[in-house]
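In what follows, a single structure is set out as structure tokens and then discussed.
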Amino acid sequence: MRVIGLMSGTSYDAIDAAAAELTLDGDSLVLRPLGLVGVQYDAALREALAEALPPAATSLAEVCRLDTLIGRSFAAAAVRADHELCDGSAELVASHGQTVYHWTEDGQVLGSLQLGQPAWIAEATGLPVVADFRPRDIAAGGQGAPLVSLIDLLWLRGRPGTPVALNLGGIANLTAPDGTAFDTGPACALVDAAARGLSGGSLAYDVDGALAARGSVHEPLLRRLLDEPYYALPAPKTTGKELFHLGYLRDALAGFGTLTAEDVIATLTRLTTRTVADAVRGVGATEVIASGGGTRNPTLMAMLDAELPGVPLRTSDELGLPSDAKEAYAFAVLGFLTLHGLAGTEPASTGARHPSVLGSITPGRGGLRLPPPADRAPVRLVLK
């Protein structure tokens, strides 16, 4: 089955549309990557999204508007992926949507909201769409994240030692072979916020880590940032830009006088690598396999490598799974599992009471025709 996975992360800069050929072969799920297309949000939509995200106030009217506009953007990305990557032969779309709020209280997730109305995708492509993946796991007592952990566990099964999968998006998360999985804290979220805030909006992020490379770590600021209570919480745990945003950074900077943008961003980059490294050491990792936008920041990767002496740091590209497309491929897999009646969660990773079949299905143009339920769940993911 040819499946298109759609994903936009916490940096909300673009939609990744990855296409995969997926086949169940005994106890293996075989994935053949067909490619990736990236579609930028238009500037007006990105600005509207930024203005509506916490801690900003918004209205139900704006939420409705964003749900439609993001849905149309995802639909355009799906149409393009079907045409360019599948020659019009895609059979399913799996859309993560755009996370706008992750509701947590006292360490428990109570809800998660992703916008991008799937009806627009189904109408534009004519294909069934699986969307709204996170709420079912939350209803079962889980964190609703990290959902890519099941794919990491299947993919890395049998690899020697204790390999850890690490995603460096806006937020960093890891998955260990025993199923332990959690958000370690910010990956690029605070760096991006600082780049935008300290440049007056002329920079969206620290391009190639150049600002961090020119700066020096401000140790008193780093110590203050490391006092954040989130880091001491036990797994499973999840977080997001509800916590790590520009206002949070401004509060942390209070009392330090004037620091250069370069020093602030160098310190935030060190914060990311220190908290990630602490988490990696905590699970006894013998190897780290990283993916996500943060892998394109050479300063961040060099700092992380220095924080983890003796632990090889690789990217998922080296193992055949394109780093930029990994999460989009992961949601393609989750959509495929849903359509075949298979659970898409690992309770050890999310903290749920039981595994769950994820998401809601929006029928395509020809109605809804489900394949026969699979006889058994795959135990490994094989890349071809």
Task: Selected residue (criterion: most open to solvent (accessible area, probe 1.4 Å)) from residues of the range 350-370 that are closer than 18 Å to Gly97 by Cα and hydroxyl-bearing (Ser, Thr, Tyr) - done: Ser360
TODO: Report, ordered by the first and then the second residue, all pairs with beta carbons closer than 8 Å, sequence separation of six or more or different chains, a first member in the range 1-20 that is open to solvent by 10 Å² or more (accessible area, probe 1.4 Å), and a second member that is of a type in the set (A, V, I, L, M) and in a loop (DSSP other than H, G, I, E, B).
DONE: Arg2/Ala90; Tyr12/Leu53; Asp13/Ala204
TODO: With respect to Gly142, determine if the residue is open to solvent by less than 10 Å² (accessible area, probe 1.4 Å) and among the small types (Gly, Ala, Ser).
DONE: yes
Task: Cross-chain or 6+ apart pairs with Cβ under 6 Å, the range 193-210 first and of a type outside the set (A, V, I, L, M), then part of a helix (DSSP H, G or I) and open to solvent by 60 Å² or more (accessible area, probe 1.4 Å) - done: Gly209/Pro298
Open item on the list: Pairs needed: first member in the range 71-96, closer than 18 Å to Gly9 by Cα; second member anywhere, of a type in the set (Ser, Thr, Tyr) and modelled with pLDDT of 95 or more; C-beta distance under 8 Å; at least 6 residues apart or different chains.
Closed with: Phe74/Ser95; Ala75/Thr125; Ala78/Ser95; Ala78/Thr125; Val93/Thr125; Ala94/Thr338
Open item on the list: Out of the residues in the range 162-194 meeting the condition of being assigned to a loop (DSSP other than H, G, I, E, B) and more than 12 Å from the chain's Cα centre (by Cα), tell me which one is surrounded by the fewest Cβ atoms within 10 Å (Cβ to Cβ).
Closed with: Asp178
Task: Tabulated pairs, the range 27-39, first surrounded by fewer than 14 Cβ atoms within 10 Å (Cβ to Cβ), second among the hydrophobic types (A, V, I, L, M, F, W, C), C-beta under 7 angstrom, 6+ apart or interchain - done: Asp27/Val379; Arg32/Ala20
TODO: Only residues in the range 257-271 that are closer than 10 Å to Leu211 by Cα count as the first member; pair them with residues that are open to solvent by 10 Å² or more (accessible area, probe 1.4 Å) and basic (Lys, Arg), Cβ under 6 angstrom, at least 6 apart or cross-chain, and list the lot.
DONE: Glu262/Arg214
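Yes or no, residue by residue, for (1) part of a loop (DSSP other than H, G, I, E, B); (2) in contact (Cβ under 8 Å) with a residue 12 or more places away in the chain; (3) under 17 Å from Val207 (Cα atoms):
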{"position": "Ala279", "(1), (2), (3)": "no, yes, no"}
{"position": "Val288", "(1), (2), (3)": "no, yes, no"}
{"position": "Gly294", "(1), (2), (3)": "no, yes, yes"}
{"position": "Leu300", "(1), (2), (3)": "no, yes, yes"}
{"position": "Gly310", "(1), (2), (3)": "yes, no, no"}
{"position": "Arg314", "(1), (2), (3)": "no, yes, no"}
- [ ] Could you please find all residues in the range 116-139 being open to solvent by 20 Å² or more (accessible area, probe 1.4 Å), closer than 20 Å to Ala14 by Cα and in a loop (DSSP other than H, G, I, E, B)?
- [x] Gln117, Asp132
Open item on the list: Suppose the filter is at pLDDT 95 or above, charged (D, E, K, R) and more than 19 Å from Ala18 (Cβ to Cβ); does Arg353 pass it?
Closed with: yes
Open item on the list: Name the single residue that is surrounded by the most Cβ atoms within 10 Å (Cβ to Cβ) among those in the range 302-340 being more than 20 Å from the chain's Cα centre (by Cα) and closer than 23 Å to Ala18 by Cβ.
Closed with: Leu339
TODO: For the range 317-328, indicate whether the set of residues that are among the hydrophobic types (A, V, I, L, M, F, W, C), in a loop (DSSP other than H, G, I, E, B) and modelled with pLDDT of 95 or more is non-empty.
DONE: no
Open item on the list: assigned to a helix (DSSP H, G or I), among the acidic types (Asp, Glu) and open to solvent by less than 50 Å² (accessible area, probe 1.4 Å): is that true of Asp263 in this structure?
Closed with: yes
TODO: Inspect all residues belonging to the range 112-131 and state whether any of them is at pLDDT below 95 and over 15 Å from the mean Cα position of the chain (by Cα).
DONE: no
Open item on the list: Can you go through Thr345, Thr286, Thr299, Thr362 and tell me which one is under 19 Å from the mean Cα position of the chain (by Cα) and either among the β-branched types (Val, Ile, Thr) or modelled with pLDDT of 95 or more (or both)?
Closed with: Thr345
Task: So Gly200, is it open to solvent by 20 Å² or more (accessible area, probe 1.4 Å) and at positive phi - done: yes
Task: the range 104-122 residues that are closer than 20 Å to Leu49 by Cα, paired with ones that are surrounded by fewer than 16 Cβ atoms within 10 Å (Cβ to Cβ) and modelled with pLDDT under 95 (beta carbon under 8 Å, 6 or more apart) - done: Gly111/Trp103; Ser112/Trp103; Leu113/Trp103
Open item on the list: Against the conditions (1) open to solvent by 50 Å² or more (accessible area, probe 1.4 Å); (2) within 30 Å of Val129 (Cα to Cα); (3) touching a helix residue (DSSP H, G or I) at 6+ places or on another chain (Cβ under 9 Å); (4) not aliphatic (A, V, I, L, M), where does Pro373 fall short? Just the number, please.
Closed with: (3)
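The values are calculated or read from the model by the stated rules, or taken from the named source; none is laboratory data. In this text, all values refer to a predicted model and were calculated from it rather than measured experimentally. Neighbour counts run over all protein chains shown; Cβ positions are idealised from the backbone, glycine included. Note: areas computed on protein heavy atoms with side chains; ligands, DNA, RNA excluded. Shrake-Rupley method; radii C 1.70, N 1.55, O 1.52, S 1.80 Å.
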